[in-house]
Amino acid sequence: MGTSLQKKKYRPLKGKHLLINAGPTREPIDPVRFLSNYSSGKMGIALADAAAEYGADVDLVLGPVNVRPQNNSVKIINVTTAESMAAECISRFQDCDIAILAAAVADFTPIEVHGKKIKKEETELLLRLKPTTDIAETLGITKSSSQILAGFALETDNELDNAKAKLYRKNLDIIVLNSLKEDGAGFGYDTNKITIIDRNNNIDKFELKSKEEAAKDILNKIVSMIRQMTI
């Protein structure tokens, strides 16, 4: 025949609803200052694009970043603070099949937010902080047996032990470990080197690759878990 059939797209997450969070949060001190971190949001955005390519409906709760998903089907919910990110994730979790928590959410926020710019003085400034809502822990408590919850751990020492402890403490199904000791991995890079740990203590270590490729490694792990759940 003169015509060729198009190759069928690989869409293993078709019909699945994914919730992903990404990027940093900003915790206001006064009208011109805030506490934040170096997260670029690139890993979470790569996950959102890859999940959409795999056929999923994707909600992306996104902190203040300068990049956006390339796939127009990704629904973006813009947030700024840790509490606004928590509220959006918690309200959407019940309706999703899979949640991937890739955001670098602030652990603490100022107790007092000043209404006017704090003036520089000769004396020291004491900034009192309070804990923010732990999104992973909150979702882990309410997670049903049919949902998959994935988290991230960014570690500087005792990486595997700390990641495993977080996995079980927060009732995650898998955790993606990043080490700040690895060249080309962590905040700001276009590459990442990940280790995926699941609840059965299966450990998959990957080489340094683009965040787009790393995102597919994570999603392929989740796809394999879904297949196991349906057997």
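The values are calculated or read from the model by the stated rules, or taken from the named source; none is laboratory data. Quantities reported herein were computed from a predicted structural model and do not represent experimental measurements. Cβ sites come from the backbone with ideal geometry, for glycine too, and all protein chains shown count toward neighbours.
Things worth noting here:
- Wholly within the range 1-94, strands (runs of 3 or more DSSP E) carrying at least 1 residues that are touching a residue at least 24 places away in the same chain (Cβ under 8 Å): 17-22, 27-30, 33-35, 57-62
- Filter result (touching a residue at least 12 places away in the same chain (Cβ under 8 Å), over 19 Å from A214 (Cα atoms) and of a type outside the set (S, T, Y)) within the range 144-171: Q147, K164, K166, L167, R169, K170, N171
- Only one entry of R33, R92 meets the criterion of being basic (K, R), out of contact with any helix residue (DSSP H, G or I) (no Cβ under 8 Å at 6 or more places or on another chain) and closer than 30 Å to K120 by Cβ, and that entry is R33.
- Within the range 204-218, residues that are without any contact (Cβ under 8 Å) to a residue 40 or more places away in the chain reach partners that are assigned to a loop (DSSP other than H, G, I, E, B) and small (G, A, S) with beta carbons closer than 7 Å, at six or more positions or on different chains, in the pairs L208/G184; L208/A185.
- Count of residues meeting criterion [more than 21 Å from P24 (Cβ to Cβ), touching a Phe, Trp or Tyr at 6+ places or on another chain (Cβ under 8 Å) and buried (at least 19 other Cβ atoms within 10 Å of the Cβ)] in the range 196-215: 1
- Subset of the range 174-204 [closer than 21 Å to S224 by Cα and either under 14 Å from the mean Cα position of the chain (by Cα) or in a strand (DSSP E or B) (or both)]: I174, I175, V176, L177, I194, T195, I196, I197, D198, I203, D204
- Residue count for the range 154-173, restricted to those that are modelled with pLDDT under 95, in contact with a Lys or Arg (Cβ under 9 Å, 6 or more places away or on another chain) and within 20 Å of L219 (Cβ to Cβ): 0
- Verdict on S224 being part of a helix (DSSP H, G or I) and out of contact with any Pro (no Cβ under 8 Å at 6 or more places or on another chain): yes
- The range 130-150, subset outside any strand (DSSP E or B) and touching a Leu at 6+ places or on another chain (Cβ under 8 Å), residue nearest to R92 (Cα to Cα): L139
- Some residue of the range 96-104 being β-branched (V, I, T), touching a Phe, Trp or Tyr at 6+ places or on another chain (Cβ under 9 Å) and either surrounded by fewer than 15 Cβ atoms within 10 Å (Cβ to Cβ) or closer than 22 Å to S144 by Cβ (or both): yes
- For the range 33-82, the set of residues classified as within 27 Å of G15 (Cβ to Cβ) and of a type in the set (S, T, Y) consists of Y54, S73, listed by residue number.
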